[in-house]
Structure formats: C-alpha cells, structure tokens
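A short write-up of the structure that comes next.
The values are calculated or read from the model by the stated rules, or taken from the named source; none is laboratory data. Note that this is a predicted model, so its numbers are computed, not measured. Cβ: placed from backbone, ideal geometry, glycine included. Neighbour counts: every protein chain shown.
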Amino acid sequence: MKTWALIVDTWREALARCTLLGFMAVSSLFLLILTFALNLDIVDGALAAGTLFGKSFDLPGKSPAIDTVVATGQSVFAGILYVLGVFLAVFATGSQVPNLQRRGTVDLYVTRPIGRTHLLLGRFLGAATLVSANLLFLCGGVFVIISLKTHVWNPRFLAASGLILAVFLSYLGFMYLVGVLTSSTSLSIMLPYALYLFSVPLAAHKRLAAAMDSRLAANVLHALYWVFPKTAEIGRDLTGYVLGKTTLAIVPFATTLAFGVICLAGAVVAFNRKNF
C-alpha cells in the first residue's frame with residue numbers, strides 16, 4: 001500500500017507540474033504529424049508510390065515489398081524514438097528527487113512510518129511507470145499508425161520500445177544519484193543529457209585509444225567505455241533488431257543496466273545518510 005501511495009504521489013506531482021501533460025502533448029503532436037504526413041499506395045503487396053510531408057518517395061527499379069518498406073521505416077522511427085523518448089523522459093522526471101528533498105516536502109515524508117530506502121525506490125518505481133505509460137503511448141501510436149496504413153504488423157518495433165525504456169531506467173538511476181547529491185533540477189537534467197552524448201563517441205574507444213600517445217590516457221578511455229552506458233551500440237542493435245537483421249548484444253546492454261543499478265544503489269546510500 002505504501003509503495004502504491006508513492007507511485008500515485010509521483011503521478012500527482014507530474015500532473016501538478018504539467019510535465020506529464022507536456023510529454024503527452026509532444027508525443028501527440030508527433031503522432032498527429034505522422035498520421036497526416038505519411039501516405040502510401042500499396043499494390044499487390046508492394047509499394048507503388050508514397051509521400052512523406054508532401055514529397056514523393058524515389059522508387060528506382062522494381063517496387064519493393066511492403067514488408068521491407070515497413071521494417072526499414074520502423075527502424076528509422078525506432079532510432080528517432082530512441083533519442084526523442086529518452087530525452088523527453090529525462091526532462092519529465094529530472095525534478096523528482098530535487099523536489100522530494102525540498103524543505104517541507106521531505107519533512108512530510110520522513111515523519112511517516114516509511115524507510116528512506118523504500119521512499120526513494122518507491123519514487124523510482126513511480127517514475128518508471130510514468131515513463132512506461134508515455135513510451136507505450138508514443139511507440140504504440142507509431143506502431144498502430146504505420147500498421148493500419150500498411151496492414152503489416154511488425155512486433156519487433158513494439159519490443160524495441162521495451163529496450164528504450166530499459167536504457168532510460170539506467171539513466172534514471174544516474175539522475176537519482178545526481179539529484180540526491182546536488183538537489184539541483186538543472187544538473188539532474190543536464191548531466192544525463194551530457195552523459196548520453198558523451199557515450200556516443202566512446203563506441204570508437206579502440207580507434208581513439210590507438211591514436212593516443214599516452215598509454216595512461218588510452219587506459220582511461222577504455223575504462224570510461226566500460227563504465228558508462230553503451231548508447232551508440234544499443235541504438236545500432238535497436239534499429240538492426242527492428243529490421244530483423246540482428247539481435248541485441250548482451251554485453252553493452254548488461255553493462256548499461258549495471259551502470260544504472262550501481263548509480264541507484266549509490267543514491268539510496270547517499271539519501272539514507274543525508275540530514276533532513
């Protein structure tokens with residue numbers, strides 16, 4: 001019951017601060033644009049013609065099978081949603097821990113018969129359910145729109161939304177650690193964005209390390225690669241999986257989740273040691 005109350009409080013806070021409505025508004029606008037911008041003409045299971053934002057597709061040679069077109073298009077949208085979904089989710093949940101630690105709010109919580117670990121993890125679960133609902137709306141909406149227009153149902157695209165959620169939860173653990181340590185909403189939002197972007201070039205850590213003169217610098221670069229989330233590799237596997245050409249590599253995914261778990265554990269320890 002206490003956990004459910006914390007989840008409800010998280011949703012109420014998101015509604016009161018309009019972050020939930022903002023997330024839904026951006027997602028709805030994206031889906032609305034997609035609905036009216038994408039038009040396809042399918043003949044005998046092949047794409048005969050199509051327009052996107054009023055511009056015709058260039059279809060040289062034989063018309064491609066609609067299954068191939070759908071998988072290719074959904075892989076592109078999966079890549080877009082991978083970035084858009086994580087960025088929107090970070091923005092929507094970045095203020096939760098700093099707001100929780102404000103005078104008055106935290107005093108109300110700590111006087112209740114609930115442990116600090118339970119309190120923080122309950123809020124984490126509330127944020128996870130909040131983002132899950134929004135990602136399901138966004139990714140599920142894209143899936144339904146494309147499927148209804150083409151009559152091709154590719155369940156791998158929906159599975160990819162679960163992967164996007166898992167990556168976000170890793171970043172959410174990092175956000176909670178930053179929020180507990182700094183009580184700053186700005187840093188709780190900016191640092192995950194910076195980490196997301198910084199982790200992309202680390203995918204080429206071997207080539208970058210080979211170009212360095214210092215052995216120490218090369219080792220530091222390799223260490224950063226293994227510590228931080230594998231944003232680029234997971235994004236590559238995500239689009240390849242939607243296309244049906246590859247499967248998810250376990251090591252990048254596992255180390256990314258481990259990063260989030262360790263950060264969340266650090267946030268719990270720091271939160272329990274804070275004086276309120």
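Filtering the stretch 149-165 to residues that are among the aliphatic types (A, V, I, L, M) and part of a helix (DSSP H, G or I) leaves LEU158, ALA159, ALA160, LEU163, ILE164, LEU165. Applying the condition of being among the polar types (S, T, N, Q) and not in a loop (DSSP other than H, G, I, E, B) to the stretch 111-145 and asking which residue is surrounded by the most Cβ atoms within 10 Å (Cβ to Cβ) yields ASN134.
Checked against (1) closer than 30 Å to VAL200 by Cα; (2) surrounded by 16 or more Cβ atoms within 10 Å (Cβ to Cβ); (3) modelled with pLDDT under 80, GLY50 passes all but condition (1).
Look at VAL261 and say whether it is crowded, with 18+ Cβ neighbours inside 10 Å, within 26 Å of ARG116 (Cα to Cα) and either touching a residue at least 12 places away in the same chain (Cβ under 8 Å) or within 17 Å of the chain's Cα centre (by Cα) (or both). Considered against the rule, which asks whether it is crowded, with 18+ Cβ neighbours inside 10 Å, within 26 Å of ARG116 (Cα to Cα) and either touching a residue at least 12 places away in the same chain (Cβ under 8 Å) or within 17 Å of the chain's Cα centre (by Cα) (or both), VAL261 comes out as no. Among the residues of the stretch 73-110, those that are in a loop (DSSP other than H, G, I, E, B) and either more than 17 Å from ASN272 (Cβ to Cβ) or of a type in the set (Asp, Glu) (or both) comprise GLY94, SER95, ARG102, ARG103, GLY104.
Listed conditions (1) over 30 Å from TRP153 (Cα atoms); (2) among the aliphatic types (A, V, I, L, M); (3) surrounded by 21 or more Cβ atoms within 10 Å (Cβ to Cβ); (4) in contact with a Pro (Cβ under 9 Å, 6 or more places away or on another chain) are all met by ILE234, apart from (1). Tell me, yes or no, whether the stretch 179-193 has at least one residue that is loosely packed, with under 13 Cβ neighbours inside 10 Å, under 25 Å from ALA265 (Cβ atoms) and either free of Cβ contacts under 8 Å to residues at least 12 places away in the same chain or not hydrophobic (A, V, I, L, M, F, W, C) (or both). Looking for residues that are loosely packed, with under 13 Cβ neighbours inside 10 Å, under 25 Å from ALA265 (Cβ atoms) and either free of Cβ contacts under 8 Å to residues at least 12 places away in the same chain or not hydrophobic (A, V, I, L, M, F, W, C) (or both), one finds at least one in the stretch 179-193, hence yes. When the stretch 76-93 is filtered for residues that are surrounded by fewer than 20 Cβ atoms within 10 Å (Cβ to Cβ) and of a type in the set (Val, Ile, Thr), the ones remaining, listed by number, are VAL76, ILE80, VAL83. So is GLN96 buried (at least 22 other Cβ atoms within 10 Å of the Cβ), more than 29 Å from GLU13 (Cα to Cα) and either small (Gly, Ala, Ser) or touching a helix residue (DSSP H, G or I) at 6+ places or on another chain (Cβ under 7 Å) (or both) or not? When the stated conditions are applied, GLN96 does not pass them. Report yes if some residue within the stretch 216-228 is at negative phi, touching a residue at least 60 places away in the same chain (Cβ under 8 Å) and of a type in the set (Val, Ile, Thr); otherwise report no. No, the stretch 216-228 contains no residue that is at negative phi, touching a residue at least 60 places away in the same chain (Cβ under 8 Å) and of a type in the set (Val, Ile, Thr). Within the stretch 137-161, the set of residues being within 12 Å of VAL242 (Cα to Cα) and out of contact with any helix residue (DSSP H, G or I) (no Cβ under 7 Å at 6 or more places or on another chain) comprises PRO155, ALA159.
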